[in-house]
Amino acid sequence: MEQVQTLFREGVLSHLDQLENLSKNLSLRQEEKRRQEDAVQEKREVILQLRKERDELRDKVRQQKEQIRALSAKDEGSRQPRPSTQAALQDLRLEEMIGTLEALWFTGISGKKTDRGICICLSTAFEGHYLDSYYLQVENLQKPWISRHSIPPFIPLGEITTSHLQNDMKKFLVVLFDHLNGYAGRKFQADQLQDSPGPYIPGTLQRNTLHTVLSFRYNVTIHERTFCFSARLQYSAVTSVLPSEAAVTCPENSESVQEAASSHSRLFRSKPLHRVLESLMA
């Protein structure tokens, strides 16, 4: 009889333990869902604000273009311009360029007039941290070309130039800036991973030149046991600072560890790399 009672008590305790684990897992999932919903709402508000600023800047650029067209209409028509007229057209083109740069200033693109054209500075940033700046010397604004620059060789400057420079200077600058800022943001996250203490295992980070593929290992404690996870992040868009794919694995096959791996994968796709590892320490 005592043996039966003992087995009964053990069965009840085991069942209670299972219920407690299920309750904890449910709470964790609910908390993660709430955090994701908050993050989505914040992004929506940022998008609305950026759209408003974009519309205001578009109106400003449109007004400047109308003023330039009005001035250009006073030129000598189809006759070959005299040298003074050539200089005036060059000045108009320069004013248009400066107006475009002023409209793009809040994004990190700025410029300064030079004797032969304009010097453009593209300043990258991520999460409020100002990162590297890159420079372009653009000459002959009637048919612009780049005489000097400090753009890294792995950024497809030639391709972007061929596609946009002479047809649409604004688009050229925006596309080039997106490439540079995406690269700088990914590099910053990888550098932070190596420099900051946390679950990351030093010496395991591997990355390509563009930082579009990152792989590393890190330790996380689950139920008072420490497990080693391997992560491989892939960025399908070279302008993106968040991975499109995040594969997280662990040799341990227990249900709780595999659920943690899936949760980590979702976090890596929704938050900056170093922020995710900081949250895993909490």
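Read-outs: derived from the displayed coordinates by stated rules, not from any lab. Keep in mind that what you see is a predicted model, and the values were worked out from it rather than measured. Using ideal geometry, Cβ is built from the backbone for each residue, glycine included, and neighbour counts are taken over all protein chains shown.
In table form, for the structure just shown:
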| read-out | value |
| --- | --- |
| Inter-site label distance for Tyr130 and Ser262 at 7 Å from Cα along Cβ, in nm | 4.6 |
| Vicinal HN-Hα couplings computed from phi for segment 204-210 (Karplus, 6.51 cos²θ - 1.76 cosθ + 1.60; Hz; Gly/Pro x) | 9, 6, 10, 8, 8, 4, 7 |
| Tail beyond 22 Å, pair distance distribution of segment 195-271 (Cα, percent) | 24 |
| Karplus 3J(HN,Hα) series, Hz, for segment 119-129 with 6.51 cos²θ - 1.76 cosθ + 1.60 (x for Gly, Pro) | 9, 10, 10, 10, 9, 8, 7, 8, 6, x, 9 |
| Full-extension gain in nm, Glu255 to Lys33, via 0.36 nm per residue minus C-alpha separation | 77.9 nm |
| Around Phe216: net Lys/Arg minus Asp/Glu count, Cβ-Cβ under 11 Å | +3 |
| Residues in segment 232-268 that a label on Gln206 would reach, taking backbone N under 11 Å of a point 7 Å out along Cα→Cβ | 232 |
| Value of relative contact order over segment 107-193, rounded to a whole percent, pairs C-alpha under 8 Å and six or more apart | 22 |
| Intensity falloff of segment 131-282 expressed as log10 I(q)/I(0), Debye formula with alpha-carbon point scatterers, at q = 0.11, 0.13, 0.18, 0.19 Å⁻¹ | -0.52, -0.66, -1.00, -1.08 |
| Cross-link pairs beyond the 25 Å C-alpha cut-off, checked among Lys143/Lys170; Lys113/Lys187; Lys24/Lys271; Lys112/Lys170; Lys52/Lys112; Lys143/Lys187 | Lys113/Lys187; Lys52/Lys112; Lys143/Lys187 |
| Sites Arg148 and Arg275 - FRET efficiency at Förster radius 45 Å, r taken between beta-carbons, to 0.05 | 0.75 |
| Segment 121-203, Cα convex hull volume normalised per residue, Å³ | 106 |
